[in-house]
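Engineer: Have a look at this one before I ask anything.
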Amino acid sequence: MKKEPTFIASIDVKTICKAFSEAQVGQIITYETLSRLIGRDVQTEARNVLVSARKITQRELGYVFGTIQGEGLKRLSDIEIVQTGAQTVVKIRRSSRRGVERISNAVPEKLPIEGRVQMNTYLSVLAMLQTSLQNQRIKKLEERVAQAESRLSLDKTLDAFKAIQEKPPQ
């Protein structure tokens, strides 16, 4: 039995989705145009409409839109989509660093054993993310992927990270 969706897109979301579906690769759709389509400012009061439409268009059509600050949204080409990975890595690395800083403020001695286990688990995971997302490690992993000429499995990715050693100081 198929589950009914819990989210029903509004007329405004559907209107913006239609505009997105008609966009060509490289085309910029201005915030002004999108706001005019729904009669509300998509940068302020109707920002949620814009976010929903982008998610739906990406999920259903595979169209990805990047932001052009202060101007609008651009439908990205395949290479531009791939290049967004660098932004994602930076964002995750920054978030993991902030998570370590925040969690480290807890006093382990004041925590029950379960709390200490959680604290150390999260600190370990976040430290692993910070370390594995360093630029030099990503470059080394990129070399491994180039040799394999395909995406590495999780096991091979972990093995590659284990093999990637920092150059000893000279």
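The values are calculated or read from the model by the stated rules, or taken from the named source; none is laboratory data. Only a predicted model underlies this, so the values are computations on that prediction, with no experimental measurement involved. When we count neighbours, we look across all protein chains shown, and the Cβ atoms used for this are built from the backbone with ideal geometry, even at glycine.
Engineer: Please go through segment 53-101 and give me each residue that is in contact with a helix residue (DSSP H, G or I) (Cβ under 6 Å, 6 or more places away or on another chain), closer than 28 Å to residue 134 by Cα and not assigned by TED's automatic domain parsing to the domain that holds residue 134, ordered by number.
Structural biologist: Hits for segment 53-101 are 64, 65.
Engineer: Only residues that are modelled with pLDDT of 95 or more and not charged (D, E, K, R): list them for segment 70-82, please.
Structural biologist: Initially, segment 70-82 is screened for residues modelled with pLDDT of 95 or more, giving 71-82.
Residues satisfying the conditions are 72, 73, 76, 77, 79, 81, 82.
Engineer: Taking residue 120 as the residue in question, decide whether it is exposed (fewer than 12 other Cβ atoms within 10 Å of the Cβ) and more than 30 Å from residue 66 (Cα to Cα).
Structural biologist: On the way: exposed (fewer than 12 other Cβ atoms within 10 Å of the Cβ): no; more than 30 Å from residue 66 (Cα to Cα): yes.
So residue 120 does not fit the description; no.
Engineer: If you go through segment 126-140 one residue at a time, do you hit one that is small (Gly, Ala, Ser), in a helix (DSSP H, G or I) and loosely packed, with under 13 Cβ neighbours inside 10 Å?
Structural biologist: Taking segment 126-140 first, the residues small (Gly, Ala, Ser) are 127, 132.
Restricting the remaining residues to those that are in a helix (DSSP H, G or I) gives 127, 132.
Filter once more, so that each one left must be loosely packed, with under 13 Cβ neighbours inside 10 Å: none.
For segment 126-140, residues small (Gly, Ala, Ser), in a helix (DSSP H, G or I) and loosely packed, with under 13 Cβ neighbours inside 10 Å: absent.
Engineer: Restricting the first residue to segment 132-143 and requiring it to be assigned by TED's automatic domain parsing to the domain that holds residue 157, which pairs with a second residue that is outside any helix (DSSP H, G or I) and buried (at least 16 other Cβ atoms within 10 Å of the Cβ) meet a Cβ separation below 6 Å and a spacing of at least six or different chains?
Structural biologist: Within 6 Å, the pairs are 137/164; 140/164.
Engineer: Output the residue which, of all residues in segment 94-107 that are touching a residue at least 12 places away in the same chain (Cβ under 8 Å) and assigned to a helix (DSSP H, G or I), is surrounded by the most Cβ atoms within 10 Å (Cβ to Cβ).
Structural biologist: The first filter runs over segment 94-107 and keeps only residues touching a residue at least 12 places away in the same chain (Cβ under 8 Å), leaving 96-97, 99-100, 103-104, 106.
When the remaining residues are screened for being assigned to a helix (DSSP H, G or I), the result is 96-97, 99-100, 103.
Details: 96: 20, 97: 15, 99: 17, 100: 16, 103: 14.
Among those residues, the one meeting the criterion is 96.
Engineer: For segment 41-54, which residues satisfy the criterion of being free of Cβ contacts under 8 Å to residues at least 12 places away in the same chain and surrounded by 12 or more Cβ atoms within 10 Å (Cβ to Cβ)? Don't jump to the end; show me each part of the working.
Structural biologist: Here is the first cut: in segment 41-54, the residues free of Cβ contacts under 8 Å to residues at least 12 places away in the same chain are 41, 44-45, 47-48, 51.
Within segment 41-54, 41, 47, 48, 51 meet the criteria.
Every residue, every condition in (1) part of a helix (DSSP H, G or I); (2) touching a residue at least 12 places away in the same chain (Cβ under 8 Å), yes or no:
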site: 13; (1), (2): yes, yes
site: 66; (1), (2): no, yes
site: 74; (1), (2): no, yes
site: 79; (1), (2): yes, no
site: 83; (1), (2): yes, no
site: 92; (1), (2): yes, yes
site: 117; (1), (2): yes, no
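Engineer: Which condition number in (1) surrounded by 11 or more Cβ atoms within 10 Å (Cβ to Cβ); (2) at pLDDT 85 or above; (3) in contact with a helix residue (DSSP H, G or I) (Cβ under 9 Å, 6 or more places away or on another chain); (4) not hydroxyl-bearing (Ser, Thr, Tyr) is the one that residue 151 fails?
Structural biologist: (1)
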